[in-house]
């Protein structure tokens, strides 16, 4: 009996070992089959990912290099058909927020990218001078004494000066700097967004300091760049002066001057100055563009002085870019003009292309460059690719991109013209 019991136990143990071995073999075979089955699926997934990446890359390349051949009108707003519309011999459009500020001698209005009028400000001005910075807009009557100050929501204030206005510059906070003149001096006077005068005034004697050609305030409202023309040794000279209207400027002296540049513009005239952001400014002169940095508030620095030998015809700036259109003196190139775009921080050339269009208007907006003349419109991207070159149905005063700049369906452009505004889709 004992031998039989032991034999049965041995046989039972053998069966268990065999069953365990069989299960392990089955498990290994199952895992092997699963691995073999996953390989095709893994290859398929990788293939699908690669195809998707290629399609996206091809789509991006197509959008970047696509040249639009035609256009369609999305909508048109006819201002001449509006009740109480006044015919004006002067009409201009300035890029503002997502649309335009339409300026006439009888008033200004903000029309958004949908063609809706957000606000109207009536006035009577012989020579409206417009300054825009962020959501603020200031319009002064050159040679007169009235300044209107508006935000994107509407009018915030009205300032009255005691001397005729020469120039106006508004900050992105709504603070307005006005250059006022009498027969012997100029005065930089500061107003709040509500139009109240602040106790800040900078006086320049015309016979000594010179005549202010242009002025621009930094977006935060604390710095000012000004171009002065003056006579020395019987010839007209130019200097660029930086002011600081904050505490640093108070420590710099009565006139708050923190920097000045004269030798760099010897024999030239700086016709335009511009603060592109709180730490970068440019001076445009008949010979080039000077790029400044004000990161050190007490000591502005000339970062780059880009020489331009050809005559500058037009200037545009927006965001990180400034651009110029010049005559083209290169006889080997057929086109009569040249478009060049630079970076505001260091003057590095972004792109330059010869152009044939005699542009009366020039704008940089939403990473695109717009040239226009009468009914002609030409659009470049920031690589210098020509995106559109065509003739519209009506004359163009201003052109810019809309909120939806580019899509597979086309590119939307806002057009401002005499008595109308419309949205078109380039396709």
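Out of 198, 180, I need the residue that is surrounded by 15 or more Cβ atoms within 10 Å (Cβ to Cβ) and more than 30 Å from residue 425 (Cα to Cα). Which one? Walk me through how you get there before you give the answer.
Working: 198 fails: surrounded by 15 or more Cβ atoms within 10 Å (Cβ to Cβ).
Residue meeting the stated conditions: 180.
For residues that are outside any strand (DSSP E or B) and closer than 18 Å to residue 229 by Cβ, tally how many sit in the range 263-286.
Number of matching residues: 8.
Just one of 383, 391, 369, 344 is crowded, with 21+ Cβ neighbours inside 10 Å and more than 18 Å from residue 97 (Cα to Cα); which is it?
344
Only one residue in 208, 195, 221 is at pLDDT below 95, under 25 Å from residue 94 (Cβ atoms) and part of a loop (DSSP other than H, G, I, E, B). Which one?
221 is the lone residue from the list that is at pLDDT below 95, under 25 Å from residue 94 (Cβ atoms) and part of a loop (DSSP other than H, G, I, E, B).
Given the structure, is residue 237 in a strand (DSSP E or B) and either within 20 Å of the chain's Cα centre (by Cα) or at pLDDT below 90 (or both)? Steps first, answer last, please.
Details: in a strand (DSSP E or B): yes; either within 20 Å of the chain's Cα centre (by Cα) or at pLDDT below 90 (or both): no.
The answer is no for residue 237.
Answer yes or no: is there a residue in the range 307-315 that is closer than 20 Å to residue 392 by Cβ and in contact with a strand residue (DSSP E or B) (Cβ under 6 Å, 6 or more places away or on another chain).
yes
Looking at 214, 209, 199, 182, can you tell me which residue is more than 22 Å from residue 284 (Cα to Cα) and in contact (Cβ under 8 Å) with a residue 12 or more places away in the chain?
Details: 214 fails: more than 22 Å from residue 284 (Cα to Cα); 209 fails: more than 22 Å from residue 284 (Cα to Cα); 199 fails: in contact (Cβ under 8 Å) with a residue 12 or more places away in the chain.
When all the criteria are applied, what remains is 182.
Among the listed residues 293, 356, which satisfies the condition of being surrounded by fewer than 18 Cβ atoms within 10 Å (Cβ to Cβ) and within 22 Å of the chain's Cα centre (by Cα)? Give the steps one after another, and end with the answer.
Numbers: 356 fails: within 22 Å of the chain's Cα centre (by Cα).
Going through 293, 356 in turn, just one is surrounded by fewer than 18 Cβ atoms within 10 Å (Cβ to Cβ) and within 22 Å of the chain's Cα centre (by Cα): 293.
Just to be sure before I move on: is residue 145 free of Cβ contacts under 8 Å to residues at least 60 places away in the same chain, farther than 22 Å from residue 397 by Cα and surrounded by 15 or more Cβ atoms within 10 Å (Cβ to Cβ) in the structure I sent?
For residue 145, the condition - free of Cβ contacts under 8 Å to residues at least 60 places away in the same chain, farther than 22 Å from residue 397 by Cα and surrounded by 15 or more Cβ atoms within 10 Å (Cβ to Cβ) - is met.
Which residues, taken from the range 240-262, are in contact (Cβ under 8 Å) with a residue 12 or more places away in the chain, surrounded by fewer than 22 Cβ atoms within 10 Å (Cβ to Cβ) and assigned to a loop (DSSP other than H, G, I, E, B)?
246, 252, 255, 256, 262
Applying the selection to the range 73-107, what residues are at pLDDT below 90 and surrounded by 11 or more Cβ atoms within 10 Å (Cβ to Cβ)?
Selection gives 79, 82, 85, 86, 88, 90.
The values are calculated or read from the model by the stated rules, or taken from the named source; none is laboratory data. All figures in this text were calculated on a predicted structure; none of them were measured in a lab. Quick reminder, even Gly has a Cβ in these numbers, built from the backbone with ideal geometry, and neighbours come from all protein chains shown.
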